[in-house]
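The values are calculated or read from the model by the stated rules, or taken from the named source; none is laboratory data. Every value quoted in this text rests on a predicted model; they were computed, and no experiment measured them. Because the Cβ atoms are built from the backbone with ideal geometry, glycine has one as well, and the counts that use them run over all protein chains shown.
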Amino acid sequence: MKKSLIRKYARLAVRTGINLKAGQKVVIVAEADQYEFVEMVTNECYRAGAKSVRVDFSYQPITRLKYQNESINTLTDIPEWAVAKYRADSEELPCMIHILSEDPDGLVGVNREKLLAANRAKYKAVKKYRDSMENKYQWTIIAVPSARWAEKVFPNESTAKAIDKLWKSIFETVRLNEETDPEKEWDNHNDNFRRRCDILNSMHLDRLHYESSNGTDFTVWLIPRAKWEGGGERTLLGNFFNPNMPTEEIFTSPMAGKAEGTLVSSKPLSYNGKLIDGFSITFENGEAVKWRADEGYDALTKMIESDKGSRRLGEVALVGYDSPINNQGITYYNTLFDENACCHVALGEGFTNLIEGYENMTQKQLHEEGINESMIHVDFMVGTADLKITGFDKNGKEYKIFENGNFCF
């Protein structure tokens with residue numbers, strides 16, 4: 001892959017992803033084997049006027065060794081210095097760039113109890129700092145190929161060829177090539193998001209009904225004051241940024257505890273290094289009460305039973321089945337991409353910033369409004385070529401949202 005295109009990608013992450021302003025601090029989170037790309041991103045940050053850049057490296061093989069060799073007591077003993085980093089970030093509000101490249105199978109075989117316990121301990125230790133940062137800083141998530149990930153996506157290719165194909169596929173999803181200006185392409189992309197969000201918000205929908213020939217028959221109720229959003233967002237200070245690159249979704253947070261029926265997955269889910277495929281989840285009174293899976297049933301069960309809120313939905317997202325990512329015909333085994341192939345929902349944490357006036361409300365008030373609370377937020381895909389979604393307002397007026405897997409507007 002040409003280094004000129006990779007540098008262009010690094011620039012896109014800084015200029016369009018976090019939309020860095022001169023004088024802001026930056027934190028980059030990445031795998032250690034991506035040091036060359038991290039160097040490019042760091043350089044672009046300084047060129048854009050960054051005050052400082054901190055890089056937090058991890059390395060999945062070492063993470064695996066920790067889970068294999070450390071006790072639950074050690075893994076759940078969150079050191080003060082780790083909490084202090086979150087405390088400092090909540091005060092300084094640096095821009096954050098998360099660079100994904102992990103092997104989808106990198107944690108296969110790791111003790112699930114240890115994973116869950118460690119995640120739960122970290123969530124409790126830093127939750128108040130994460131909550132205090134809500135919508136106050138710019139952030140973005142992007143991805144770059146690693147050898148193991150590329151081999152998983154393109155198993156019939158040599159490692160070098162697989163990496164090259166994954167680079168090209170990623171660039172296509174983020175509207176980057178040698179001929180066009182990707183920053184302008186993203187401006188146009190965000191214009192399309194705004195148009196559809198305006199239409200959905202004008203409907204004042206009370207609930208959505210999903211139907212598909214694969215067995216999906218599901219109704220979810222929405223929060224009256226929750227907005228539909230998609231594409232770029234603004235911080236409370238008015239700074240625009242693009243949190244997910246790529247993105248094709250328009251989303252909202254549904255009413256916690258109000259959903260009925262069955263959702264059938266349409267694509268595999270890679271969760272904590274374990275593949276979950278061919279699964280469905282049935283909801284009653286807003287909570288998952290029954291589920292099945294052809295593969296990864298235990299991982300699905302652990303996910304759903306993570307905490308009280310993990311049985312409920314925190315997001316419903318609309319993505320046309322004719323989306324650019326779905327049309328690639330590639331399963332990335334990475335939710336950043338796979339969730340943008342078709343419609344999806346998420347178990348777990350909802351988005352408090354979707355409530356009008358959220359900045360003047362406490363976390364307790366936001367959860368009372370209907371936003372779900374959980375330590376997890378896991379998206380899974382439910383979009384199909386024949387998915388039909390019908391919306392209803394509180395008076396029962398009917399709106400066609402999706403027909404044959406795609407938007408009706």
Checklist outcome for this item: The correct count of residues that are touching a residue at least 40 places away in the same chain (Cβ under 8 Å) and in a loop (DSSP other than H, G, I, E, B) in the range 317-353 is 19
Next on the checklist: The conditions are (1) within 26 Å of Met133 (Cα to Cα); (2) within 16 Å of the chain's Cα centre (by Cα); (3) hydroxyl-bearing (Ser, Thr, Tyr), and Tyr333 fails exactly one of them. Which is it?
Outcome noted: (1)
Next on the checklist: I'm told Phe171 meets every condition in (1) in contact (Cβ under 8 Å) with a residue 12 or more places away in the chain; (2) on the phi < 0 side of the Ramachandran plot; (3) not in a helix (DSSP H, G or I) except one. Can you identify the failing condition by its number?
Outcome noted: (3)
Item to check | Residues located in the range 391-409, provided they are closer than 17 Å to Asp217 by Cβ and surrounded by 14 or more Cβ atoms within 10 Å (Cβ to Cβ) | outcome: Gly391, Phe392, Ile401, Phe402, Gly405
Checklist entry - In the range 235-260, which residues are of a type outside the set (Gly, Ala, Ser), touching a Gly at 6+ places or on another chain (Cβ under 6 Å) and not in a loop (DSSP other than H, G, I, E, B)? => result Phe240, Ile250, Met255, Lys258
Next on the checklist: For Ala50, only one of the following conditions fails: (1) in a loop (DSSP other than H, G, I, E, B); (2) at pLDDT below 95. What is its number?
Outcome noted: (2)
Checklist entry - Within the set of pairs 6+ apart or on separate chains, which have a first residue in the range 228-256 that is closer than 25 Å to Pro94 by Cβ, a second that is of a type in the set (Lys, Arg), and C-beta atoms under 6 Å apart? => result Thr235/Lys136; Leu236/Lys136; Phe240/Arg234
Item to check | Residue in the range 73-82 that is within 24 Å of the chain's Cα centre (by Cα) and over 26 Å from Thr247 (Cα atoms) present | outcome: yes
Item to check | Candidates Asn135, Asn111, filtered to the one that is over 18 Å from the mean Cα position of the chain (by Cα), in the same structural domain as Arg11 (by TED's automatic domain parsing) and surrounded by fewer than 20 Cβ atoms within 10 Å (Cβ to Cβ) | outcome: Asn111
Checklist entry - Out of all the residues in the range 185-193, is one or more within 22 Å of Asn327 (Cα to Cα), part of a helix (DSSP H, G or I) and in contact with a strand residue (DSSP E or B) (Cβ under 6 Å, 6 or more places away or on another chain)? => result yes
Checklist entry - Can you tell me which residue in the range 145-166 is surrounded by the most Cβ atoms within 10 Å (Cβ to Cβ), limited to those that are among the small types (Gly, Ala, Ser) and part of a loop (DSSP other than H, G, I, E, B)? => result Ser146
Checklist outcome for this item: Checked the range 223-234 for anything over 30 Å from Tyr332 (Cα atoms) and not in a loop (DSSP other than H, G, I, E, B); matches are Ala226
Checklist entry - If you scan the range 82-114, which residues turn out to be touching a helix residue (DSSP H, G or I) at 6+ places or on another chain (Cβ under 8 Å), part of a loop (DSSP other than H, G, I, E, B) and aliphatic (A, V, I, L, M)? => result Leu107, Val110
Next on the checklist: Quick check on the range 265-290: of everything there that is surrounded by 22 or more Cβ atoms within 10 Å (Cβ to Cβ) and among the aliphatic types (A, V, I, L, M), which residue is modelled with the highest pLDDT?
Outcome noted: Ile281
